[in-house]
Amino acid sequence: AYAARLNLNLRCGARVLLVLGRFPARSFEELFQGMRSIPLEQWIGKDDAFPVKGHALDSKLHSVPDCQSILKKAAVERLKSVYHTSWFTESGAIHPLHFTIRKNIATIYLDTSGIGLHKRGYRKNANAAPIKETLAAGIVDLARVHSDSVVCDPFCGSGTFPIEAAMMAANIAPGMNRSFTAEQWTNLIPKQLWYDAVEEAQDMVNLDVEVDIQGYDIDEDMVKIARENARMAGVDKLIHFQRRGVEDLHHPKKYGF
């Protein structure tokens, strides 16, 4: 239930990871044995896929490809001993394994999100230098935007800032328009938990909120893209987009963001 709710509702998080284990890793042997000691069979079935990726920082083990290879081999050896097979088809649901090695401590995670949470699903088109949706949401959050705030983006581009502000004001869960890797783990997370989390999020939406959110850009094509992205996000009625140069920016209200 927590995996479903977090993936649906986190605005600023990159992804939702489940910690499977943590152990010292000063050598490849320690790395191998540490991974092999984790009861992966509790999460990974005989036919499931389990790709491995990660990074290392300030550690004796700094070669990421070598660490990936060793951790994958250790995972295979662990699962071979449990499922009594010498070959894994990995044709089932994907269970991505992530690792970090920091100051010689390895942490193994199971990724429940799949594609990063900044991929909301509404931004099919973007400008040349789009800001990540999660970063935009974090900045909007730091600005303490509320339902009665005045929000204006004079260089709105594909509309990420106004859209994230509108979604926050209307209490729209950012993950409503996308899917997550863990949705396929029906043996671990029943489908009903996802349905319940979505229904719970839908009940929280308030599109009748009165907000003053504006997005301006000097490029008419970008304004069109922003409008379409807002429509995809379900907040087009809450944002006023217009082609306007910043030299013409004005607003009758004195305070805003």
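Of all the criteria given as (1) under 29 Å from Ser158 (Cβ atoms); (2) without any contact (Cβ under 8 Å) to a residue 40 or more places away in the chain, the one not satisfied by Lys80 is (1).
Among the residues of the range 1-44, the ones that are in a strand (DSSP E or B) and open to solvent by 20 Å² or more (accessible area, probe 1.4 Å) come to 7 in all. Among the residues making up the range 166-205, a single one is of a type in the set (D, E, K, R) and assigned to a loop (DSSP other than H, G, I, E, B): Arg178. The lone criterion from (1) within 15 Å of the chain's Cα centre (by Cα); (2) open to solvent by 70 Å² or more (accessible area, probe 1.4 Å) left unmet by Arg123 is number (2).
One line per residue, one yes/no per condition, for (1) within 22 Å of Leu61 (Cα to Cα); (2) of a type outside the set (A, V, I, L, M, F, W, C); (3) touching a helix residue (DSSP H, G or I) at 6+ places or on another chain (Cβ under 7 Å):
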site	(1), (2), (3)
Arg11	no, yes, yes
Leu31	yes, no, yes
Trp43	no, no, no
Lys46	no, yes, yes
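Give the number of residues within the range 182-219 that are surrounded by 14 or more Cβ atoms within 10 Å (Cβ to Cβ), farther than 29 Å from Ile239 by Cα and among the polar types (S, T, N, Q). Going through the range 182-219 one residue at a time, the tally reaches 1. Only residues that are outside any loop (DSSP other than H, G, I, E, B), touching a residue at least 60 places away in the same chain (Cβ under 8 Å) and hydrophobic (A, V, I, L, M, F, W, C) were counted in the range 142-160, giving 3. Of the residues Ile163, Ile108, Ile139, Ile101, the single one that is over 19 Å from the mean Cα position of the chain (by Cα) and not in a loop (DSSP other than H, G, I, E, B) is Ile101. One residue stands out in the range 167-181 among those that are modelled with pLDDT under 95 and more than 18 Å from Lys124 (Cα to Cα): the one that is most open to solvent (accessible area, probe 1.4 Å), namely Asn171. Residues of the range 111-135 that are aliphatic (A, V, I, L, M) and assigned to a loop (DSSP other than H, G, I, E, B): Ile115, Leu117, Ala126, Ala128, Ala129, Ile131. Determine whether Leu57 is touching a Lys or Arg at 6+ places or on another chain (Cβ under 8 Å) and exposed (fewer than 13 other Cβ atoms within 10 Å of the Cβ). Criteria met by Leu57.
Within the range 88-101, no residue that is charged (D, E, K, R) sits with its Cβ atom under 6 Å from a residue that is open to solvent by 60 Å² or more (accessible area, probe 1.4 Å) at 6+ positions apart or across chains.
Which one is least open to solvent (accessible area, probe 1.4 Å) among residues in the range 61-81 that are assigned to a loop (DSSP other than H, G, I, E, B) and in contact with a strand residue (DSSP E or B) (Cβ under 7 Å, 6 or more places away or on another chain)?
Taking the range 61-81 as the starting set, the residues that turn out to be assigned to a loop (DSSP other than H, G, I, E, B) are 61-63.
Next cut, in contact with a strand residue (DSSP E or B) (Cβ under 7 Å, 6 or more places away or on another chain) only: 61-62.
Details: Leu61: 10, His62: 142 Å².
The extreme case among them is Leu61.
Among the criteria (1) closer than 27 Å to Val198 by Cβ; (2) at pLDDT below 95; (3) open to solvent by less than 40 Å² (accessible area, probe 1.4 Å), the one Thr85 does not fulfil is (1).
Scanning the range 231-257 for residues that are part of a helix (DSSP H, G or I) and over 12 Å from Cys156 (Cα atoms) turns up Arg231, Met232, Ala233, Asp236, Lys237, Leu238, Glu247, Asp248.
The values are calculated or read from the model by the stated rules, or taken from the named source; none is laboratory data. Just so it is clear, the structure is predicted and the values come from calculations on it, not from any experiment. We place every Cβ from the backbone using ideal geometry, glycine too, and count neighbours over all the protein chains shown. Accessible surface areas use protein heavy atoms only, side chains included; no ligands, DNA or RNA. Shrake-Rupley method; radii C 1.70, N 1.55, O 1.52, S 1.80 Å.
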